[in-house]
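The values are calculated or read from the model by the stated rules, or taken from the named source; none is laboratory data. Bear in mind the structure is a predicted one, so any value in this text is a computation, not a measurement. Glycine gets a Cβ as well: all are built from the backbone with ideal geometry, and neighbour counts include every protein chain shown.
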């Protein structure tokens, strides 16, 4: 029997951050919808407006007023952020404030989008990324299986220069499972800044059996390359029912 997505991603309690590309926001949305308790959704980097379909109580306020507004709200599902001048975007919230709101608001779970990827399928972190609260309990590192077999370029990968150093790929080369594994397992890749928090890699967009075989290869290679995590979750956030496809262990 497959575990629940909340358990597979260690997302029952605490501050859970998502980084990477290819499904961060959709993963956070699924976790929020599945969780039975009091949950906050926010970001430490710029993020798109929260979808109305989530049914969130939204609080968008300057940081000087944000803590009191969120902590004092008794709604069960809250989305909060700071205002931004960027069209269609909210600004990120300082990580110390996210920690404070989580504690003062007595949230069971706070979900944090902790970097940006500009809608690409893979990414490598910039020098200033990720933006993680020090007391975060779980880091979900996201990649897309749909990148496997595609050519390595800026339309597929965000921050290609950094990603090339980690993966060894050159422009136009086909992305293979081993390259995805390197992004997941490298301390300069999606493990950057993880400290001692629990890390759970997530390979998203595992939408059919052919892609699942490639995703499993990437998961197995990543597990061989590091002891920093003990499982890799395969999922398809596009599925209406259970998003969880498999959990690959060492």
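Yes or no: residue 38 within 24 Å of residue 146 (Cα to Cα), out of contact with any helix residue (DSSP H, G or I) (no Cβ under 8 Å at 6 or more places or on another chain) and either at pLDDT 95 or above or surrounded by fewer than 21 Cβ atoms within 10 Å (Cβ to Cβ) (or both)?
For residue 38, the condition - within 24 Å of residue 146 (Cα to Cα), out of contact with any helix residue (DSSP H, G or I) (no Cβ under 8 Å at 6 or more places or on another chain) and either at pLDDT 95 or above or surrounded by fewer than 21 Cβ atoms within 10 Å (Cβ to Cβ) (or both) - is not met.
So which residues in the range 41-63 are touching a helix residue (DSSP H, G or I) at 6+ places or on another chain (Cβ under 7 Å) and either farther than 28 Å from residue 125 by Cβ or in a helix (DSSP H, G or I) (or both), if there are any at all?
54, 59, 61, 63
Could you count how many residues in the range 1-34 are over 13 Å from the mean Cα position of the chain (by Cα) and more than 22 Å from residue 103 (Cβ to Cβ)?
9
Within the range 89-112, count every residue that is in a loop (DSSP other than H, G, I, E, B) and surrounded by fewer than 18 Cβ atoms within 10 Å (Cβ to Cβ).
Qualifying residue count, the range 89-112: 3.
Looking at 66, 31, 6, can you tell me which residue is closer than 24 Å to residue 193 by Cα, outside any loop (DSSP other than H, G, I, E, B), in contact with a helix residue (DSSP H, G or I) (Cβ under 7 Å, 6 or more places away or on another chain) and free of Cβ contacts under 8 Å to residues at least 60 places away in the same chain?
Being closer than 24 Å to residue 193 by Cα, outside any loop (DSSP other than H, G, I, E, B), in contact with a helix residue (DSSP H, G or I) (Cβ under 7 Å, 6 or more places away or on another chain) and free of Cβ contacts under 8 Å to residues at least 60 places away in the same chain holds for just one of 66, 31, 6, which is 6.
Would you mind stating whether residue 82 is over 24 Å from residue 236 (Cα atoms), free of Cβ contacts under 8 Å to residues at least 24 places away in the same chain and in contact with a helix residue (DSSP H, G or I) (Cβ under 8 Å, 6 or more places away or on another chain)? Explain how you work it out, then say what you get.
Working: over 24 Å from residue 236 (Cα atoms): yes; free of Cβ contacts under 8 Å to residues at least 24 places away in the same chain: yes; in contact with a helix residue (DSSP H, G or I) (Cβ under 8 Å, 6 or more places away or on another chain): yes.
Spelling it out, residue 82 is indeed over 24 Å from residue 236 (Cα atoms), free of Cβ contacts under 8 Å to residues at least 24 places away in the same chain and in contact with a helix residue (DSSP H, G or I) (Cβ under 8 Å, 6 or more places away or on another chain).
Just one of (1) part of a helix (DSSP H, G or I); (2) touching a residue at least 40 places away in the same chain (Cβ under 8 Å) trips up residue 210, so point out which.
Unmet for residue 210, out of (1) part of a helix (DSSP H, G or I); (2) touching a residue at least 40 places away in the same chain (Cβ under 8 Å): (2).
Okay, residues lined up against (1) modelled with pLDDT of 95 or more; (2) in a strand (DSSP E or B); (3) surrounded by fewer than 17 Cβ atoms within 10 Å (Cβ to Cβ):
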{"position": "181", "(1), (2), (3)": "yes, no, no"}
{"position": "194", "(1), (2), (3)": "yes, no, no"}
{"position": "206", "(1), (2), (3)": "yes, no, no"}
{"position": "214", "(1), (2), (3)": "yes, no, no"}
{"position": "220", "(1), (2), (3)": "yes, no, yes"}
{"position": "241", "(1), (2), (3)": "no, no, yes"}
{"position": "248", "(1), (2), (3)": "yes, yes, no"}
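Return yes when residue 174 is touching a residue at least 24 places away in the same chain (Cβ under 8 Å) and surrounded by fewer than 15 Cβ atoms within 10 Å (Cβ to Cβ) and no when it is not.
Yes; evaluated as a whole, the condition is true for this residue.
Just a yes or no: is a residue in the range 205-219 touching a strand residue (DSSP E or B) at 6+ places or on another chain (Cβ under 6 Å) and on the phi > 0 side of the Ramachandran plot?
Yes - at least one qualifying residue is present in the range 205-219.
To keep it simple, each residue is scored yes or no on (1) in a loop (DSSP other than H, G, I, E, B); (2) under 13 Å from the mean Cα position of the chain (by Cα); (3) touching a residue at least 24 places away in the same chain (Cβ under 8 Å).
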| site | (1), (2), (3) |
| --- | --- |
| 128 | yes, no, no |
| 141 | no, yes, yes |
| 153 | yes, no, no |
| 164 | no, no, no |
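Is it true that some residue in the range 15-23 is modelled with pLDDT of 95 or more and surrounded by fewer than 19 Cβ atoms within 10 Å (Cβ to Cβ)?
No, because not a single residue in the range 15-23 is modelled with pLDDT of 95 or more and surrounded by fewer than 19 Cβ atoms within 10 Å (Cβ to Cβ).
Part of a loop (DSSP other than H, G, I, E, B) and crowded, with 21+ Cβ neighbours inside 10 Å: does that describe residue 115?
So residue 115 fits the description; yes.
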